[in-house]
Amino acid sequence: MAMDLPEDAEDSIRTMTIMNAIEYGGTPDSKSVMGRIMSARPDLRSHAKKIMPLIDRIVSEVEQDIKVKGIDAVREEIEASEGTLPERQTQKDRKRGLPDLPGNTDNIVLRFAPNPNGPLSLGHARGVVINAAYAKQYDGEFILRFDDTDTKVKPALPEAYEWILEDVEWLIGHRPDRVIIASDRIQRYLEFTQEIIEKGLAYVDHTPAQDFREMRAAGSLPADRDLPPSEHLERWEMMNDGTTPEGGAVVRVRTSPKLKNPALRDWPAVRIQEQAHPRPEVGQATRVWPLLDLQSAFDDHMEGVTHIIRGKDLMDSTRRQTMLYDGLGWTYPETIYWGRVKIHGLGAFSTSQMRRSVEEGEVSDWDDPRLPTLRSLKRRGYAPEAMKNFWIDLGLTRKDISVSMTTLDKFNTRKIDGEARRATLIRDPVHIYLDCEDEYRTKTIELLIHPDHPERGHRELHLVWTDKGTGIHIESRDVSSLEHERRLRGWADIVATDRGATVLRTSREYGLSQIHWLPDGEAITSCLLEQVDGNEILQMSALIEGTAGDYDHGEIVQLERIGFARCEHREEGLVLMMLHG
């Protein structure tokens, strides 16, 4: 070490930095780390001035590691080398889950409002879980609203309405209290737009979009905005009757050219969209559609929404909508923000990207195991309770969070571990011949169906003996290990011979590594083990104990030494889809 510090100083700083990152949403702070080091390591206090550059460097390194690997993976790495990270009392006592809602909570109404351009993803599940949890906590209402007034950029997918409703019901265990489809209300939006034009709160602007952006950035706005409402109502009629072409006019909510944030100056609220709505019952009902800020603001007021929980990237939407509410004398809902959550180990796909992948045949369907949709995660074997606990445990914070999929896996394990029966599966099997003294020739090996529940009984492996011995199957990667004594799990110690292997003893010699195996016979089944590897789905030939009929379609089993998998019966036979370890 360049400076005269104890040899373990850098390791201590790194540990403290990771602890700090865990406590503060994945972003360590040099000053906080310094305070912790000075408290935990009095021997370093005399080096305070020298140590700060070292802390800055390590904080930068840890931040980069977290961005690449995720906070959980970084924590696991350091725990593997140094043992469990110590926790501060404040971390132990930190309140997990959801904070109390602000404001009046007597008649809570919350909403989750997706664009139905595809089924829900794991990221969407956050909004479903947290809004529904608050509605339950306060005995309030939870609304599912389809914000589907964009027919051009991100048009709705007709099938997605039903898919999303199914996703929500699966996730929270019941239907939403109300289901609303925005496109059903188009006449109400048109009437509302006319009302705010009449009141002078909005106007029809013919300025080309690029010209308007330049004017707005320069602090000026179109002169036509000051025309009387009657003139703008005529322009509004021309937008509706087809006189004005698409792109020829937009309705803007009147604010002020003096606002510091240009995005808030006379924001667009309604535009012409000639493209028909994807829902047949709507189709060409209108050529004039509200943009999301107007549609959402109107619906929130009309439905009595009391609290909005949204990403901090939508703060400008709150500001725009609040100005409209103020002009109408309405009270804006209490608004709570959360930061972004980056989930490492899960593909970063937008719904639009996934839709293209499905339509172009790059993936099989919306439940393809490579996609982060709830339909995919459900198919792979994730329990809805695991997702609920995952999101509620993360809670509400404006800080951006980096988390690993292993965190969700842990919640899922807690849910499924007690139910999943155990099974032996041999990947890339190799057949070997096993000879044995008569005294060791066991015919039946009994293994527990579940190690924590002996009352559920046993499963049996049956060995078929001849004068020459018996055949067994082991994984190809275990063959070379038989040069040394190994334990066939549940039965005997063996070692390699010229002809295959021989049984040394059935009593257990402690300290021997175990290998999994299956006997010859009819009570084993050829299958495929399937695993996602990035953008690929890899398949491996395998053998599993029992017959294919022993495994129900959709059943989750724990493959010993491998992890949890979900069973599917397909044309090619029994397929085990890997879930997680």
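The values are calculated or read from the model by the stated rules, or taken from the named source; none is laboratory data. Values in this document were obtained by computation on a predicted structure and should not be read as measured data. Quick reminder, even Gly has a Cβ in these numbers, built from the backbone with ideal geometry, and neighbours come from all protein chains shown.
Inspect segment 320-329 for any residue being closer than 22 Å to residue 114 by Cβ and surrounded by fewer than 18 Cβ atoms within 10 Å (Cβ to Cβ) and give the result as yes or no. Looking through segment 320-329, none of the residues is closer than 22 Å to residue 114 by Cβ and surrounded by fewer than 18 Cβ atoms within 10 Å (Cβ to Cβ). Looking at (1) part of a loop (DSSP other than H, G, I, E, B); (2) touching a helix residue (DSSP H, G or I) at 6+ places or on another chain (Cβ under 7 Å); (3) at pLDDT below 85, find the lone condition where residue 95 falls short. Of the numbered conditions (1) part of a loop (DSSP other than H, G, I, E, B); (2) touching a helix residue (DSSP H, G or I) at 6+ places or on another chain (Cβ under 7 Å); (3) at pLDDT below 85, the odd one out for residue 95 is (2). Collect the residues in segment 126-164 that are buried (at least 17 other Cβ atoms within 10 Å of the Cβ), in a helix (DSSP H, G or I) and not hydroxyl-bearing (Ser, Thr, Tyr), keeping them in residue-number order. Residues satisfying the conditions are 126, 127, 128, 129, 130, 131, 132, 133, 135, 160, 163, 164.
Whenever a residue of segment 50-72 is within 16 Å of residue 26 (Cα to Cα), its partners that are in a loop (DSSP other than H, G, I, E, B) and small (Gly, Ala, Ser), lying with C-beta atoms within less than 8 angstrom and at least six residues away or across chains, give the pairs 66/26; 70/345; 71/26. Determine whether residue 370 is closer than 26 Å to residue 173 by Cα, assigned to a loop (DSSP other than H, G, I, E, B) and among the basic types (Lys, Arg). Here the answer is yes, as residue 370 does meet what is asked. Name the residues in segment 389-440 that are at pLDDT 95 or above and part of a loop (DSSP other than H, G, I, E, B), would you? Of everything in segment 389-440, those that are at pLDDT 95 or above and part of a loop (DSSP other than H, G, I, E, B) turn out to be 417, 418, 419, 420, 424, 428. Applying the criterion of being assigned by TED's automatic domain parsing to the domain that holds residue 111 and among the polar types (S, T, N, Q) to the residues of segment 324-366, the residue that is farthest from residue 127 (Cα to Cα) is 331.
Mind checking which residues of segment 244-263 are among the charged types (D, E, K, R), assigned to a loop (DSSP other than H, G, I, E, B) and touching a strand residue (DSSP E or B) at 6+ places or on another chain (Cβ under 8 Å)?
Of everything in segment 244-263, those that are among the charged types (D, E, K, R), assigned to a loop (DSSP other than H, G, I, E, B) and touching a strand residue (DSSP E or B) at 6+ places or on another chain (Cβ under 8 Å) turn out to be 246, 254.
Anything in segment 343-367 that is assigned to a loop (DSSP other than H, G, I, E, B), under 13 Å from residue 117 (Cα atoms) and at pLDDT below 95? List them, or say none. Spell out how you get there, then give the answer.
The first filter runs over segment 343-367 and keeps only residues assigned to a loop (DSSP other than H, G, I, E, B), leaving 345-350, 360-367.
With the extra rule that they be under 13 Å from residue 117 (Cα atoms), the set shrinks to 350, 366.
350, the sole residue that qualifies.
Counting only residues that are part of a strand (DSSP E or B), within 23 Å of residue 474 (Cα to Cα) and of a type outside the set (A, V, I, L, M, F, W, C), segment 527-575 holds 9 of them.
Restricting attention to strands (runs of 3 or more DSSP E) lying wholly within segment 264-342, give those where 1 or more residues are among the hydroxyl-bearing types (Ser, Thr, Tyr). Quick ask: steps written out before the conclusion?
On the way: elements: 268-272, 288-290, 307-311, 334-338.
Hits in segment 264-342: 334-338.
Against the condition in contact (Cβ under 8 Å) with a residue 24 or more places away in the chain and assigned by TED's automatic domain parsing to the domain that holds residue 528, how does residue 379 come out, does it pass? So residue 379 does not fit the description; no. Report the residue count in segment 216-225 for those that are part of a helix (DSSP H, G or I), surrounded by 11 or more Cβ atoms within 10 Å (Cβ to Cβ) and out of contact with any helix residue (DSSP H, G or I) (no Cβ under 7 Å at 6 or more places or on another chain). Total satisfying the criteria: 2.
Of the residues that make up segment 127-137, is at least one in contact with a helix residue (DSSP H, G or I) (Cβ under 6 Å, 6 or more places away or on another chain) and closer than 25 Å to residue 280 by Cβ? For segment 127-137, residues in contact with a helix residue (DSSP H, G or I) (Cβ under 6 Å, 6 or more places away or on another chain) and closer than 25 Å to residue 280 by Cβ: absent. The residue of segment 401-451 that is surrounded by the fewest Cβ atoms within 10 Å (Cβ to Cβ), among those that are farther than 15 Å from residue 490 by Cβ and acidic (Asp, Glu), is 438.
If the condition is being over 30 Å from residue 371 (Cα atoms), in the same structural domain as residue 447 (by TED's automatic domain parsing) and modelled with pLDDT under 90, then segment 490-547 contributes 521, 522, 523.
So is residue 213 over 18 Å from residue 274 (Cα atoms) and assigned to a strand (DSSP E or B) or not? Steps first, please.
Working: over 18 Å from residue 274 (Cα atoms): yes; assigned to a strand (DSSP E or B): no.
The answer is no for residue 213.
Scanning segment 193-234 for residues that are small (Gly, Ala, Ser) and farther than 24 Å from residue 296 by Cα yields 217, 218, 219, 220, 223, 230. Could we say that residue 437 is under 18 Å from residue 545 (Cα atoms) and over 38 Å from the mean Cα position of the chain (by Cα) here? Against the criterion (under 18 Å from residue 545 (Cα atoms) and over 38 Å from the mean Cα position of the chain (by Cα)), residue 437 does not qualify. Would you confirm whether or not segment 327-344 contains a residue that is of a type in the set (D, E, K, R) and over 18 Å from the mean Cα position of the chain (by Cα)? Within segment 327-344 (the criterion being of a type in the set (D, E, K, R) and over 18 Å from the mean Cα position of the chain (by Cα)), the answer is yes, since at least one residue qualifies.
Take the conditions (1) assigned to a helix (DSSP H, G or I); (2) closer than 19 Å to residue 248 by Cβ; residue 204 misses just one of them, which is (1). Of the residues making up segment 441-489, those that are in the same structural domain as residue 558 (by TED's automatic domain parsing), part of a loop (DSSP other than H, G, I, E, B) and more than 21 Å from residue 522 (Cα to Cα) are 450, 451, 452, 453, 457.
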